[in-house]
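Below is one structure, written out as structure tokens; comments come after it.
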Amino acid sequence: MQHPAPFDLWSGHYKIPWDEPGFSGRMLAEHLNQDHDMASRRTAVIESQVEWIHARACGSRPCRLLDLACGPGLYSNRLAGLGHRCLGIDFGPAAIAYAELHAAPGCEFVLADLRGADFREGHEVAMMIFGEFNVFPPAEIRAILGKVRAALVPGGSLLVEMQTAAAVRDAGLEPPFEFRSEAGVFSAYPHRVKVENAWYEEAATARTVFRVTDEATGRERVYRSTNLAWSEDACRQLFAAAGFPRLEVAGDWPVPDPRLQLVVAR
Ligand SMILES: C[S@@+](CC[C@H](N)C(=O)[O-])C[C@H]1O[C@@H](n2cnc3c(N)ncnc32)[C@H](O)[C@@H]1O
């Protein structure tokens, strides 16, 4: 495998194309699949996390929530059912269409890229759930955090469920593997996928490359996923610079997977 130079890690297509309509439609099936926790968690985990957000972040009283990278709205629609007002933003068209179709009263969904989206203002709690935080390059996540800070009321909090630094590094060191699929997220037709990982110590970044070959045509497409391993120190500096001087890891966040943790920023 040819590795890019570290300075190229965040150029071009550094993440899977969640916003491409066909990909988004196929990914929606994975979000909703109850056999795995791939794009979204299974319902039981989502419900326990929603209960935590309701009780611990909102103090069991109605609040205004900003759900960043909300996917199909599986959190916001449940939180709205508990009396909260939610604004969900995501750039996956099929995910947002599903969220809107199932929108609970008090929920609004916007199809937009977080990098350019208007987060509005007056939110008491903002959240980014399930690891997407690590998939943004430093300058972009810095800008997103600055916008979140401006969109929160004084004393508001931000919940970021991020991949631990160790988990990102371990994923980058995983050996390559291959699989065949009749139909899946990368193609609606029979195809093979070669998965290759790399870990860039100096950039604290892992990259996964998916080489997808359609069986009928032999055509190959390449997708990438790039993940930054935020150390505790780097994280503190990043959040403090964006106006969140207080950070803590929520020890009682109900997460069945130790590769993720919930950081609460105030
Ligand atoms: C792992 S999924 C999590 C979805 C949701 N938070 C959940 O747990 O059900 C990551 C989500 O981030 C969204 N996303 C990634 N980059 C984005 C961007 N730049 N702007 C808006 N949404 C983005 C994807 O479309 C996808 O829905």
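The values are calculated or read from the model by the stated rules, or taken from the named source; none is laboratory data. These figures come from a predicted structure and were not determined experimentally. With ideal geometry, Cβ positions are generated from the backbone for all residues, glycine too; neighbour counts draw on all protein chains shown.
Of all residues in the range 178-189 being outside any strand (DSSP E or B) and of a type outside the set (S, T, N, Q), which is surrounded by the fewest Cβ atoms within 10 Å (Cβ to Cβ)?
Glu182
Give me a count of the residues in the range 77-110 that are without any contact (Cβ under 8 Å) to a residue 60 or more places away in the chain, within 9 Å of the ligand (Cβ to nearest atom) and not in a strand (DSSP E or B).
Number satisfying all stated conditions: 1.
For the range 111-136, how many residues meet the condition of being closer than 22 Å to Gln237 by Cβ and within 11 Å of the ligand (Cβ to nearest atom)?
Residues meeting the conditions: 10.
From the list Arg211, Arg236, Arg192, which residue is in the same structural domain as Phe130 (by TED's automatic domain parsing) and surrounded by fewer than 18 Cβ atoms within 10 Å (Cβ to Cβ)?
Arg236
Limited to the range 59-76, what total is found for residues that are away from the ligand (no atom under 15 Å from the Cβ) and either in a helix (DSSP H, G or I) or buried (at least 20 other Cβ atoms within 10 Å of the Cβ) (or both)?
The number of residues fulfilling the criteria is 2.
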